[in-house]
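Worksheet: the structure to be examined is printed underneath.
The values are calculated or read from the model by the stated rules, or taken from the named source; none is laboratory data. A quick note: this is a predicted structure, and the numbers were derived from the prediction, not measured. A quick note on method: Cβ atoms are made from the backbone with ideal geometry, for glycine too, and the neighbour counts reach across all protein chains shown. Surface areas here come from the heavy atoms of the whole protein model, side chains and all, with no ligands, DNA or RNA. Shrake-Rupley method; radii C 1.70, N 1.55, O 1.52, S 1.80 Å.
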Amino acid sequence: MENLLTFSLTVFTGFFAIMNPIAGIPVFIAMTEDADDRVKERMNRKATSTAFFIVLVFIILGKFIFELFGITIPAFKISGGFLIFYIGFEMLQSTKSTVKHLRKVEVNEEIAISPLAIPLLAGPGTIVTAMNFVTDANTIRIDIVILIFAFMCFLTYLSFRLSNVIVEKLGKNVIGVFEKIMGLIIAIIGTNMVIEGIKIAFTL
């Protein structure tokens with residue numbers, strides 16, 4: 001029982017460090033700035049639920065999917081890292097991201113799938129972390145990983161849903177500064193993913 005508790009805490013800490021629901025708020029606000037509350041709610045649900053099902057599939061069928069399509073973890077981390085870096089760089093430049101900003105709100109809902117759900121929520125780091133937790137794990141531990149990730153998706157959903165309230169309390173200037181800080185952090189995370197992918201690819 002104690003081992004399961006320790007394992008659960010490790011899994012929660014790992015997922016929280018990768019996803020960080022609070023830190024994702026500026027990204028969600030930037031991506032949904034032209035949408036009304038009803039559209040934001042749909043995008044929030046779509047993004048968090050999609051992220052959950054993507055990671056769930058990789059938890060259960062990850063190794064089979066990689067082998068089926070000939071995908072390697074280095075290639076997955078490098079490509080995902082470049083995309084995350086690009087988004088973070090545009091946040092630092094205070095420009096409208098061509099990845100995350102489209103003119104019509106109806107079309108803009110598609111960004112709930114990409115890049116919001118993947119790679120920002122269910123990115124290479126999250127997927128690889130989840131797969132690492134279930135490697136050679138028994139059924140109970142696999143169930144724990146799934147439940148904890150579902151809880152993290154719920155926390156992310158709540159933080160996105162309350163994003164407007166948080167903005168009102170903190171103010172746009174503070175959010176703007178925080179967004180630039182997060183842009184830097186996201187760019188660094190993307191760079192780190194690329195470096196890790198290269199290290200794994202060349203066994204450095």
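Taking Cα atoms only, the orientation of helix 37-69 departs from the longest principal axis of the chain by about 30 degrees. Of the chain, which part is the longest with no trypsin sites (Lys or Arg not before Pro) in a loop (DSSP not H, G, I, E, B) and with at most 10 other C-beta atoms within 10 angstrom? Excluding the exposed sites themselves, the longest stretch runs over 1-102.
Could you give log10 I(q)/I(0) at q = 0.19 Å⁻¹ for the stretch 1-95, computed by the Debye formula over C-alpha point scatterers of equal weight, without solvent? Here log10 of I(q) over I(0) equals -1.23.
Leaving out ligands, DNA and RNA, and with a 1.4 Å probe, what % of the accessible surface on the chain is carbon or sulfur? On the chain, the fraction of accessible area on carbon and sulfur atoms equals 67 percent. Per residue of the chain, the DSSP helices (runs of n ≥ 4 H) give a summed -39500 (n - 2.57) that works out to -25500 deg cm²/dmol at 222 nm.
For helix 124-134, what angle does its Cα long axis make with the longest principal axis of the chain, in degrees from 0 to 90 and rounded to 10? Roughly 30 degrees between the two axes.
Figure note: Val174, Val134, Val55 ranked by solvent-accessible area, largest first, 1.4 Å probe, ligands and nucleic acids not counted: Val174, Val134, Val55.
Please report Rg over Rh for the chain, where both radii come from the alpha carbon positions and Rh follows the Kirkwood definition. Ratio of gyration radius to Kirkwood radius: 0.98.
Working from Cα positions, state the angle (0 to 90°, nearest 10) between the long axis of helix 2-19 and the longest principal axis of the chain. Between helix and principal axis, roughly 40 degrees. Accessible area per residue for the chain is 55 Å², calculated with a 1.4 Å probe on protein heavy atoms, without ligands, DNA or RNA. The convex hull of the Cα atoms of the stretch 1-48, projected and averaged over all directions, covers 4.2 nm².
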